[in-house]
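K.L.:
Let me give you the structure first, and then I'll get to my questions.
The values are calculated or read from the model by the stated rules, or taken from the named source; none is laboratory data. Here the structure is a predicted model, which means the values were calculated and not measured. Please note: Cβ atoms are built from the backbone with ideal geometry, for glycine as well, and neighbour counts cover all protein chains shown.
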Amino acid sequence: MDKKELRIGNKVTVKTHDSFRRICFTVASLSDRDHDTIGLRVVDSEIYRNVRPSYIIPISLNEQILLKAGFQEVNPRRGTQKAFKFKGVRIEMSNSGNFYYKGNPKPYVHKIQNLVYELTDQELEINL
């Protein structure tokens with residue numbers, strides 16, 4: 001994953017030898033002096049570790065995550081299966097199950113977090 005895509009507070013997971021065990025991490029630091037790692041902490045825990053960006057995996061967006069984050073389902077437009085809205089940000093789900101903002105794909109949790117922050121200047125809190 002490209003370190004430039006992440007902000008402090010983004011939710012991600014990490015590659016491990018046990019691919020069945022997925023732990024949600026929160027990006028805790030993005031140090032400029034150490035370009036090889038990103039500081040992560042386990043959600044709701046004091047566990048903290050530095051991880052190389054190549055080990056970070058984005059969390060795929062789904063309907064349940066949007067609802068947990070406070071999005072509410074609204075009437076879909078023609079050509080979309082569902083639509084969700086949060087503080088004026090409208091995310092549409094296509095018939096194939098992909099998520100979009102104004103026609104641009106937003107398939108991952110961190111991308112929605114960044115979008116909401118960019119448009120509203122408020123953090124999108126998600127308990128995963």
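K.L.:
Of the residues 113, 122, only one is without any contact (Cβ under 8 Å) to a residue 60 or more places away in the chain and of a type in the set (S, T, N, Q); which?
P.N.:
122
K.L.:
Something else: Could you say whether any residue in region 51-59 is farther than 23 Å from residue 29 by Cβ, aliphatic (A, V, I, L, M) and modelled with pLDDT under 95?
P.N.:
Looking through region 51-59, none of the residues is farther than 23 Å from residue 29 by Cβ, aliphatic (A, V, I, L, M) and modelled with pLDDT under 95.
K.L.:
Mind checking which residues of region 90-128 are in a loop (DSSP other than H, G, I, E, B), surrounded by fewer than 18 Cβ atoms within 10 Å (Cβ to Cβ) and out of contact with any Phe, Trp or Tyr (no Cβ under 9 Å at 6 or more places or on another chain)?
P.N.:
If the condition is that a residue be in a loop (DSSP other than H, G, I, E, B), surrounded by fewer than 18 Cβ atoms within 10 Å (Cβ to Cβ) and out of contact with any Phe, Trp or Tyr (no Cβ under 9 Å at 6 or more places or on another chain), then 95, 96, 97, 98, 102, 103, 121, 122, 125, 127, 128 are the ones that fit.
K.L.:
Looking at (1) closer than 15 Å to residue 10 by Cβ; (2) among the charged types (D, E, K, R); (3) touching a helix residue (DSSP H, G or I) at 6+ places or on another chain (Cβ under 6 Å), find the lone condition where residue 118 falls short.
P.N.:
Unmet for residue 118, out of (1) closer than 15 Å to residue 10 by Cβ; (2) among the charged types (D, E, K, R); (3) touching a helix residue (DSSP H, G or I) at 6+ places or on another chain (Cβ under 6 Å): (3).
K.L.:
Then there's this: Any residue at all in region 77-89 that's closer than 22 Å to residue 15 by Cβ, crowded, with 16+ Cβ neighbours inside 10 Å and not assigned by TED's automatic domain parsing to the domain that holds residue 29?
P.N.:
no
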